[in-house]
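Notes follow the structure.
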């Protein structure tokens, strides 16, 4: 994820994360359809294609990641508002990476270990 963020230092990068049994093993980079430094959106067709690739690989969708270039590794108000997948972990990459559970507007930081 950090490598992906370094490729687009002036706009938010984004993508999905997948794996099995609570372990994320695959990253599925996506295009930020908004080309913005302050928000991201994955186009519906691309999102569908990625979900299909996750399913075809026998994996589970486990998370969504995006970067905050020049901002904190914490969800913004817009991130919280647009958290449509309550079962997913939301990873925010900045100088540091953190993950959050976002359900019904409540944010809780998850304990993660990057390897």
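The values are calculated or read from the model by the stated rules, or taken from the named source; none is laboratory data. In this text the structure is predicted, and so the values were computed from the model without any measurement. As a convention, Cβ positions derive from the backbone with ideal geometry for all residues, glycine included, and neighbour counts pool all protein chains shown.
The table below gives the values:
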read-out	value
Qualifying residue in the range 44-55 (condition: surrounded by fewer than 17 Cβ atoms within 10 Å (Cβ to Cβ) and part of a loop (DSSP other than H, G, I, E, B))	no
Residue count for the range 30-57, restricted to those that are without any contact (Cβ under 8 Å) to a residue 24 or more places away in the chain and either in contact with a helix residue (DSSP H, G or I) (Cβ under 6 Å, 6 or more places away or on another chain) or over 25 Å from residue 105 (Cβ atoms) (or both)	10
Top-ranked residue of the range 97-115 - restricted to ones that are in contact with a strand residue (DSSP E or B) (Cβ under 7 Å, 6 or more places away or on another chain) and in a loop (DSSP other than H, G, I, E, B), ranked as farthest from residue 13 (Cα to Cα)	112
Test: residue in the range 59-71 that is farther than 21 Å from residue 35 by Cβ and without any contact (Cβ under 8 Å) to a residue 40 or more places away in the chain	no
Enumeration of residues in the range 5-26 that are closer than 13 Å to residue 67 by Cβ and without any contact (Cβ under 8 Å) to a residue 40 or more places away in the chain	6, 7
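This table checks each residue for (1) assigned to a strand (DSSP E or B); (2) modelled with pLDDT of 95 or more.
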residue	(1), (2)
62	yes, yes
69	no, no
72	no, no
75	no, yes
87	no, no
91	yes, yes
95	no, no
